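Data block below; observations after.
The values are calculated or read from the model by the stated rules, or taken from the named source; none is laboratory data. Not measured: the values here are computed from a predicted model. As a convention, Cβ positions derive from the backbone with ideal geometry for all residues, glycine included, and neighbour counts pool all protein chains shown. Side chains included, ligands, DNA and RNA excluded: accessible areas come from the protein's heavy atoms. Shrake-Rupley method; radii C 1.70, N 1.55, O 1.52, S 1.80 Å.
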Amino acid sequence: MRRVFTLILLLIVLFNVSEAQNTASAASSPMISTWEVDNRNTLNNERVISKSSYKINAIYPSNVINAQGAGFPGYRGPGQLVVYKQNFGRTTGTNEFGKEAVVENGKVVKLTGANSLIPKNGYVISGHGSAKKWITTNLKIGTNIIIDENTNTITAYTTPESWRFSAKEKIKEAEDFLDNAKKIQENPGEKKAKYYLKRAKQDLRKSNRANDNMAVNYAKSSIEMSRIAINYSLPYIENELKGTWVRPVEKNIQEVRRTLDNMQSIGINTIFLETYFHGYTIFPSKTMRSYNFTDQNPIFTGFDPLKAYITEAHARNMKVHIWFESFYVGNKHPSNDPNSILSIRPDWGNKNKLNAGKEGYASHPVEHNGYFLDPANPEVHNFLVLVVKEIIANYGPDGINLDYIRYPSSQKATSAGYETSNWGYTSYARDEFKKIYGKDPVNIKYKDDYWYKWNEYRQNKITVYLSKMRKAARGKVILSAVVFPDYRAALETKQQNWIKWTNGDYLDAITPLILTSDDALFEIMFKEIKTKISSGTTVYPGLFVGFMEGEAEDLLKQINVSRGLKANGVILFDWAHLDNKYKDALKFCVFTSTCK
């Protein structure tokens, strides 16, 4: 009897401790614990249609150091699943190689690709690798989420109400699209959009009255009707750049023609063709040959894709801008090609402070283990400018789009590894800086007076390179640059001072990388960009929804936001990731002059 009494007393104590923990957890986040789940395969008195659990690697903010995430954007390491609570910051800060779900009040309300806004009454679930796959497979709008912080386990439950919730949200999206479209211009697809929206609402009402199986079917039909309504909601705008970045893979003129016909069929009118990438040109280059570098990417030997693309595109009234990877030379070790740039000129290679004392160059562990050239070295500048001049003189493109016009990424200044993760500690830069300031950058500590001089030195080197490109392009082609929208982060971690460029007439346009499928965050980013650049700078936002495997509606939302903020067009990243669901959505109305 005494043993039974002791056991009951112990259970009461454990229950009280558990209650205290749950209360404390609820005060800091909306996560609920697993004891609220009915083990009879129901949740909140509803039948559970599907259920899946996954191990959490880290919950931020936390006192636990996530060693695997150190140095990676958002501190999310390879293959990890991380939860970001509200006081972590405004956004997750992750990169485009994952998948994220925004959760409010225990329910998924939005699926995004990266760098999501963290809600005040919720959190963000972020995954990479196998964790990304789990999120993609198991989390939908309306999925119920339960997290057990004691075991660091996340469980996802889908019920009929989950599908109804998703249908309601999709109807709201369609209504918002229709309202916003009216503010832009007359839309020939409006009548059809209203018809399908009406059907979506009818199916939702049927779902509310039906039993579980039929409720789910009606909810799914409602969602599909709303999607069609959304496709008809956005009107076609004629004088708008509708572009895509594309890495050529074609090996003959017939393949190029098929690709261009496909692009034209969905309304693409401008191609950003990757012409110099991974340290190679896609065309046989006299400039490359004069330096004894490999004169053409070997995969195109015997064929000139640049000539084919420009000739065929111009015949279709399509424009071609040269997508040009300035300082990035790929992630294959230079020794694989004895005539690669860094094999012949290892002194041109960039390296971080951690490797400053070593000979040659270093690879970047976070940027695909890739290699970079030194932006401080004028010989590098001159070589790259000569390649661009050769392209302009011999091929007649419509524009030059400078990518990787920056230093390799460092960690954020608030990170313990920030100082050693900085790049630019080459012999050339160190010697020149020492001559100017009498100080070797290797001996400068973060927040020393000279640290800011060292940052300014590197930022100015990028600007000098851009000024040389401006001189080469002026009066001949449109010059644009790929930039990162968060100006402070671009300056701090990449030495990219795009405010100076846009206010100093260094270029005609910027193509900011919108590394999120979250339209709300995109709107915030775009508004911040508009407040910082000169009124004479054209903005073509680069949309990564396809690369992040978002929904087609996510892409349409960002196009809608772009138009509302008076963008001059959009560029899709990238053609290889533009699946049929995106192409079909673009063909309805938004990119083509006649609605289907």
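See the values below:
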read-out: Residues located in region 361-407, provided they are among the basic types (Lys, Arg) and either touching a Lys or Arg at 6+ places or on another chain (Cβ under 7 Å) or outside any helix (DSSP H, G or I) (or both); value: 406
read-out: Where residue 168 falls short, out of the listed (1) more than 27 Å from residue 592 (Cα to Cα); (2) touching a Gly at 6+ places or on another chain (Cβ under 7 Å); (3) assigned to a helix (DSSP H, G or I); value: (2)
read-out: Residue in region 323-345 that is within 29 Å of the chain's Cα centre (by Cα) and charged (D, E, K, R) present; value: yes
read-out: Members of region 86-105 that are under 18 Å from residue 147 (Cα atoms) and surrounded by fewer than 18 Cβ atoms within 10 Å (Cβ to Cβ); value: 86, 87, 104, 105
read-out: Sole residue being aliphatic (A, V, I, L, M), open to solvent by less than 10 Å² (accessible area, probe 1.4 Å), within 24 Å of residue 383 (Cα to Cα) and not in a strand (DSSP E or B), chosen from 466, 479; value: 466
read-out: Candidate set from region 292-321 (those that are aliphatic (A, V, I, L, M) and out of contact with any Gly (no Cβ under 7 Å at 6 or more places or on another chain)); member that is nearest to residue 571 (Cα to Cα); value: 320
read-out: Single residue of region 171-197 satisfying the filter (in contact (Cβ under 8 Å) with a residue 60 or more places away in the chain and part of a helix (DSSP H, G or I)) that is most open to solvent (accessible area, probe 1.4 Å); value: 183
read-out: Residue 82 being farther than 22 Å from residue 553 by Cβ and either among the small types (Gly, Ala, Ser) or part of a strand (DSSP E or B) (or both); value: yes
read-out: Subset of region 109-140 that is of a type outside the set (D, E, K, R) and more than 21 Å from the chain's Cα centre (by Cα) - its residue that is surrounded by the most Cβ atoms within 10 Å (Cβ to Cβ); value: 122
read-out: Subset of region 375-419 (residues that are farther than 28 Å from residue 244 by Cβ and in contact with a strand residue (DSSP E or B) (Cβ under 7 Å, 6 or more places away or on another chain)); value: 380, 410
read-out: Condition broken by residue 101, with the remaining ones in (1) small (Gly, Ala, Ser); (2) touching a helix residue (DSSP H, G or I) at 6+ places or on another chain (Cβ under 7 Å); (3) at pLDDT below 90 satisfied; value: (3)
read-out: Tally of residues being under 30 Å from residue 494 (Cβ atoms), of a type in the set (Gly, Ala, Ser) and without any contact (Cβ under 8 Å) to a residue 60 or more places away in the chain across region 296-337; value: 2
read-out: Residue in region 141-150 that is closer than 14 Å to residue 49 by Cβ, buried (at least 22 other Cβ atoms within 10 Å of the Cβ), touching a residue at least 12 places away in the same chain (Cβ under 8 Å) and among the aliphatic types (A, V, I, L, M) present; value: no
read-out: Lone qualifier among 366, 387 - being under 25 Å from the mean Cα position of the chain (by Cα) and closer than 27 Å to residue 542 by Cα; value: 366
read-out: Residue in region 67-80 that is at negative phi, in contact with an Asp or Glu (Cβ under 8 Å, 6 or more places away or on another chain) and free of Cβ contacts under 8 Å to residues at least 40 places away in the same chain present; value: no
read-out: Test for residue 566: is it open to solvent by 10 Å² or more (accessible area, probe 1.4 Å) and either under 16 Å from residue 510 (Cα atoms) or among the small types (Gly, Ala, Ser) (or both); value: yes
read-out: All positions within region 205-215 that are open to solvent by 20 Å² or more (accessible area, probe 1.4 Å), of a type in the set (A, V, I, L, M) and either in contact with a strand residue (DSSP E or B) (Cβ under 9 Å, 6 or more places away or on another chain) or assigned to a helix (DSSP H, G or I) (or both); value: 214
read-out: Contacts under 9 angstrom Cβ, first residue in region 476-493 being over 11 Å from residue 541 (Cα atoms), partner at pLDDT below 95 and of a type in the set (D, E, K, R), 6 or more apart; value: 486/528; 487/528; 487/532; 489/412; 492/412; 493/412
read-out: Residues satisfying the stated conditions in region 238-288, i.e. surrounded by 17 or more Cβ atoms within 10 Å (Cβ to Cβ), outside any helix (DSSP H, G or I) and of a type in the set (Val, Ile, Thr); value: 244, 246, 266, 268, 270, 271, 275, 281, 282
read-out: Hits in region 357-376 - residues which are modelled with pLDDT of 95 or more and open to solvent by 10 Å² or more (accessible area, probe 1.4 Å); value: 371
read-out: Within region 85-136, tally of residues that are among the hydrophobic types (A, V, I, L, M, F, W, C) and in a loop (DSSP other than H, G, I, E, B); value: 3
read-out: Condition met for residue 439 (outside any helix (DSSP H, G or I), open to solvent by 40 Å² or more (accessible area, probe 1.4 Å) and not β-branched (Val, Ile, Thr)); value: yes
read-out: Residue within region 242-255 that is under 23 Å from residue 182 (Cα atoms), under 25 Å from the mean Cα position of the chain (by Cα) and at pLDDT 95 or above present; value: yes
read-out: Options 291, 309: the member that is within 19 Å of residue 389 (Cα to Cα) and open to solvent by 20 Å² or more (accessible area, probe 1.4 Å); value: 291
read-out: Residues of region 312-333 that turn out to be open to solvent by 10 Å² or more (accessible area, probe 1.4 Å) and in a helix (DSSP H, G or I), as a count; value: 3
read-out: Some residue of region 43-51 being assigned to a helix (DSSP H, G or I), at negative phi and either at pLDDT below 70 or of a type in the set (D, E, K, R) (or both); value: no
